[in-house]
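**Q** First, the structure itself, so that you have it in front of you.
What follows draws every value from the coordinates through simple rules; no lab data is involved. For clarity, every value in this text was computed on a predicted model and none was experimentally measured. Note that we place each Cβ from the backbone using ideal geometry, even for glycine, and neighbour counts take in every protein chain shown.
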Amino acid sequence: MTSPLARSLAVFRSDAIQRLLAFGALIVMIIVFSVASPNFLQFNNIIGILLATAINGVLALGVTFVIISGGIDLSIGTVMTLSAVITGVLITNMDLPVPVGIVGGILTGGLAGVANGILIARFHIPPFIATLGMLNVAKGFALVISGLKPIYFNDTPEVNQSAMGSLIGSLIPGLAIPNIVLVLFGAALVASLVLSKTVLGRFTFALGSNEEAARLSGVSVDRWKIAVYTTCGLFAGLAGVLIAARLNSAQPALGQGYELDAIAAAVIGGTSLSGGEGSILGTVIGAFIISTLTNGLRILSVPQEWQIVVTGGIVILAVYLDVVRRRQRA
Amino acid sequence: MADLLVEMAGIEKRFPGVHALEDARFELRAGEVHALVGENGAGKSTLMKILAGIYQPDAGSIRFRDQEVVIPNPRAAQQLGISIIHQELNLMPHLTVAQNIFIGREPRARLPFVLDDRALNARTRALFESLHLRMDPRRRVGDLAVAEQQMVEIAKALSFNAAVLIMDEPTAALTDTEIGELFRIIRQLRENGVGVVHISHRLEELKQISDRVTVMRDGRYVATLPTAEARLEQVISMMVGRTIFEEASEIPEAANEEIVLEVRHLNRGRMVRDVSFDLRRGEILGFAGLVGAGRTEVARAVFGADRADSGEILVHGTPVRIASPSDAVRHGIGYLSEDRKRYGLALGMDVESNIVLASLRRFVGWLGSINTRLTRSASQRQVTNLAIKTPSLRQKVRNLSGGTQQKVVVGKWLTADTEILIFDEPTRGIDIGAKSEIYRLLNDLARDGKAIIMISSELPEILRMSHRIVVMCEGRITGVLASADATQEAIMGYATQRPAAA
């Protein structure tokens, strides 16, 4: 039926092709920027890129699950902020131990995810609308709870230390990679294992590939959908804790717009907006592409306004590639 | 009497606009293959979907192993040991063969929630071995051919070790060898005491495989007979509720009319290969062939819905370029999709809006406003001419019956001054009564000088309606028959005639 060439190409699943493409693009970008500016490959600049990737990367990990399942989550940016604020309230305002604040922040994100999941699975509200609503609900709660003011962690330096300190640096002097970067890679590893090795991962793909077939196979589609959005929420919660730690404060007005960068990272990395395809590795590469691009353009003194334009263009290009790949297969 | 597995009685089911099941009945014994037959829309699939927990009956009782049961969802059916192979493929294309088969029942590793994919693939391999199938469990289902996907569906249904196995037209997409293989598996299951329900349109299969036949018509139970005693003609007449030779086809001669459409060496992918044919004024040209022969693909390419790779299309002898449906409409070609609900109608809009949809430009007046007086009179004309049964022009199309919806689509194309009409399975999902009305409509249209292409998978329909019959197989035209020479056997001969592999 198919030609041998087509069959051997089919071994490379199309998301794998985009992942390869994205990785190649990242390498080319690094080469171009390092040739263009001697500052690019400086240790401090590399740390800067890693730092810039961490928060967006963690958000993108979560939203990758949702997008593979055939949904979307627009609320992750402000849910992250709400989680940061809750962490601040628990630690600074209520004087609770730091670990309680961290767990509380992550669970806040999980709770928002449960709410999203219930709205979408049980009440059949389209994901776009449900999570758009949640975006504003979370934003409002963050402002209300914080009283519109940032909450600082001045009495608990270990909060900031947990993200910006360097475990590696204390072991290997001179290699002061901040912990927040380790958290990103740790979280990516966990996400990757969950996606490829667990029931949740399998059903994430099944939902995105053919929800009706999954339902007819006896899969409790509603329950797993809620689990997928909860997973996404937990990662948003983790991102909230990280951003609070990094800024040494919970900033209630921050957060909106982060969701789009995270979705962009997933899509650039080969996660298909129509569901069923995607990978954590791809998303991590996608997140690095965005931060490397932003960083490189800044080093080349491209005005920030233009950096935004370029990132937007990259996203459109990535989605277009996804569309082209899918049309070729049909 | 062998032990009774399933007993369904007094089953009622209504869908909006259709009384799908009316006092339907069915029984299944352990260790029998029970064929369920009836025309399209007789309610066979609906009845079995109720047994499989996909639909809920409005009334009636289901007994399973002498216990009254309620089957609220597919999972409950699986737990009872009732398994169904769907007519449409219900697979997840991005997942592998093994992942599809064991979805929701994956072997787990020691850790909670963690999958054991090695065990998954091993179990799938063992399953395939017991079925004598050769397939790599790790292949992605989306990369498989349709017949292979069908075998995955079958393997999946069998993997439940079901006590009841329902097969809804499992052979439609299979080759003879694959069907032979399937029947071998079915016999093996019967030996093991499984009750098999076999829904099929291919009546000749009944004799080969079934022990009893239940006939349904218009959502009702007609009769159950032992296959050995049933004559095929008897079964057929029970299905249609009358002797089938009643209605002699009346086909006005069209041989001398002007050629309206010429298609020359049309190619598109694997499904349309070097297709050439002529269509005359006043002619109904039947397109016959098995599912997947490429008939719909030809229609879509002629209509510009898919871009042809090469070939030439002439309308009234003039070569035309058709790169999109709007080009086709401009040249007077209309396409009535087999899937009316998805491609033919705006279901949420009313009758009037649907009828003028393809020719809206004509009704646009000053500053882009739509002249509603004209649209109303134009659509009223179609409603009257075609006898469209609707309470008003404002009725939403969603609430009309299948046959009436089909007429609305016809009205749309007539309003657009279409001269060439391509009907793709025009009577699919339409009640028997409404069918003959559609046939009359097609004849009237032809008599009025329209040129009609009718794609149909029902041979009696093709034979009854067409002046000439084009038969396709695997993307090629394998035969063109004049209606006088055409028989079901001749058509099937061409439809299964595989051209030398390219």
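**Q** Can you give the local net charge around A:GLY201? Use residues other than it whose beta-carbon is closer than 12 angstrom to its beta-carbon, Lys and Arg +1, Asp and Glu -1.
**A** Working: positive: A:LYS197, A:ARG202; negative: B:GLU106, B:ASP117.
Neighbour charge sum, excluding A:GLY201 itself: 0.
**Q** When only DSSP loop residues count, what chymotrypsin sites (Phe, Trp or Tyr not before Pro) in segment A:102-167 have their Cβ near at most 14 other Cβ atoms within 10 Å? Walk me through the intermediate numbers first.
**A** Values: sites: A:PHE123, A:PHE128, A:PHE141, A:TYR152, A:PHE153; in loops: A:PHE123, A:PHE153.
In loop regions of segment A:102-167 (DSSP not H, G, I, E or B), the sparsely surrounded chymotrypsin sites (Phe, Trp or Tyr not before Pro) are A:PHE123.
**Q** Sticking with this one: Taking θ as phi - 60°, what are the ³J(HN,Hα) couplings along segment A:26-31 by the Karplus curve (6.51, -1.76, 1.60), each to the nearest whole Hz, with x for Gly and Pro?
**A** Per residue, the Karplus-derived 3J(HN,Hα) values read 4, 4, 4, 4, 4, 5 Hz.
**Q** Give me the tail of P(r) for segment B:339-418 as a percent: Cα-Cα pairs with distance above 22 Å. Present the calculation step by step, with values, prior to reporting the outcome.
**A** Numbers: 502 of 3160 pairs.
Distances greater than 22 Å cover 16 percent of the Cα pairs.
**Q** Residue by residue through segment B:310-317, which ³J(HN,Hα) values in whole Hz follow from phi under the Karplus form 6.51 cos²θ - 1.76 cosθ + 1.60 (θ = phi - 60°), with glycine and proline marked x?
**A** Couplings: 7, x, 9, 10, 10, 10, 6, x Hz.
**Q** Per 5 Å bin, what is the whole-percent P(r) computed from every C-alpha pair distance within segment A:114-251?
**A** 2, 9, 13, 16, 14, 14, 12, 9, 6, 3, 1, 0
**Q** To continue, here is another question. For every other residue with a beta carbon closer than 15 angstrom to the beta carbon of A:GLY312, add +1 if it is Lys or Arg and -1 if Asp or Glu, then tell me the sum. Can you show the working numbers first?
**A** Values: positive: none; negative: A:GLU259, A:ASP261, A:GLU305.
After counting each charged neighbour, the total is -3.
**Q** When all alpha-carbon pairs of chain A are counted, what percent fall beyond 32 Å? Present the calculation step by step, with values, prior to reporting the outcome.
**A** Working: 15953 of 54285 pairs.
Here the long-distance tail beyond 32 Å is 29 percent of all Cα pairs in chain A.
**Q** Show that you can apply the helix-only estimate: for the protein assembly as shown, add -39,500 (n - 2.57) for every DSSP H stretch of four or more residues, divide by all residues, and state [θ] at 222 nm to the nearest 500.
**A** Working: 30 runs with 405 residues, N = 832.
For the protein assembly as shown, the value works out to -15500 deg cm²/dmol.
**Q** Moving to a separate point now. Within 10 Å of each candidate Cβ there may be at most 14 other Cβ atoms; applying that plus a DSSP loop requirement, which trypsin sites (Lys or Arg not before Pro) in segment B:409-486 survive? The partial results should precede the final answer.
**A** Working: sites: B:LYS412, B:ARG428, B:LYS435, B:ARG440, B:ARG447, B:LYS450, B:ARG464, B:ARG468, B:ARG476; in loops: B:ARG428, B:LYS450.
In loop regions of segment B:409-486 (DSSP not H, G, I, E or B), there are no sparsely surrounded trypsin sites (Lys or Arg not before Pro).
**Q** Write down, largest first, the equivalent ellipsoid semi-axes of segment B:379-426 in whole Å, where each equals the square root of 5 times an eigenvalue of the alpha-carbon gyration tensor.
**A** Details: eigenvalues 65, 36, 12 Å².
Over the Cα atoms of segment B:379-426, the semi-axes work out to 18, 13, 8 Å.
**Q** With the dipole of chain B worked out from charges on the C-beta (+1 for Lys and Arg, -1 for Asp and Glu) around the Cα centre, which of B:ILE85, B:GLN150, B:VAL397 lies farthest toward the positive end?
**A** Ranked along the dipole, the leading option is B:VAL397.
**Q** Still on this structure, I have one more. When B:THR124, A:THR311 are ordered from fewest to most other Cβ atoms inside 10 Å of their Cβ, what list results?
**A** Values: B:THR124 26, A:THR311 19.
With the fewest neighbours first, B:THR124, A:THR311 line up as A:THR311, B:THR124.
**Q** Dimensions of chain B along principal axes (Cα, Å, largest first)?
**A** Rounded to whole Å, the extents work out to 71, 52, 50 Å.
**Q** Hey, fewest Cβ within 10 Å first, where do B:SER436, B:SER456 land in order?
**A** On the way: B:SER436 14, B:SER456 25.
Arranged by neighbour count, lowest to highest, B:SER436, B:SER456 become B:SER436, B:SER456.
**Q** Would you mind computing Rg(Cα) / (2.2 N^0.38 Å) for the protein assembly as shown, counting N as its residues? Before the final figure, lay out each step's value.
**A** Details: Rg = 31.3 Å, N = 832, 2.2 N^0.38 = 28.3 Å.
Normalised by 2.2 N^0.38 Å, the Cα Rg of the protein assembly as shown equals 1.10.
**Q** Rank the residues B:ARG108, B:ARG342 as a footprinting-exposure proxy: fewest other Cβ atoms within 10 Å of their Cβ go first. Can you show the working numbers first?
**A** Working: B:ARG108 15, B:ARG342 9.
Ascending number of Cβ neighbours within 10 Å: B:ARG342, B:ARG108.
**Q** Of B:VAL356, B:VAL408, B:ASN371, which is farthest along the charge dipole of segment B:339-418 in the positive direction, counting Lys and Arg as +1 and Asp and Glu as -1 at C-beta?
**A** B:VAL408
**Q** I'd like the distance between the alpha-carbon centres of segment B:379-458 and segment A:117-195, rounded to an integer number of Å.
**A** Cα centroid to Cα centroid, the span is 59 Å.
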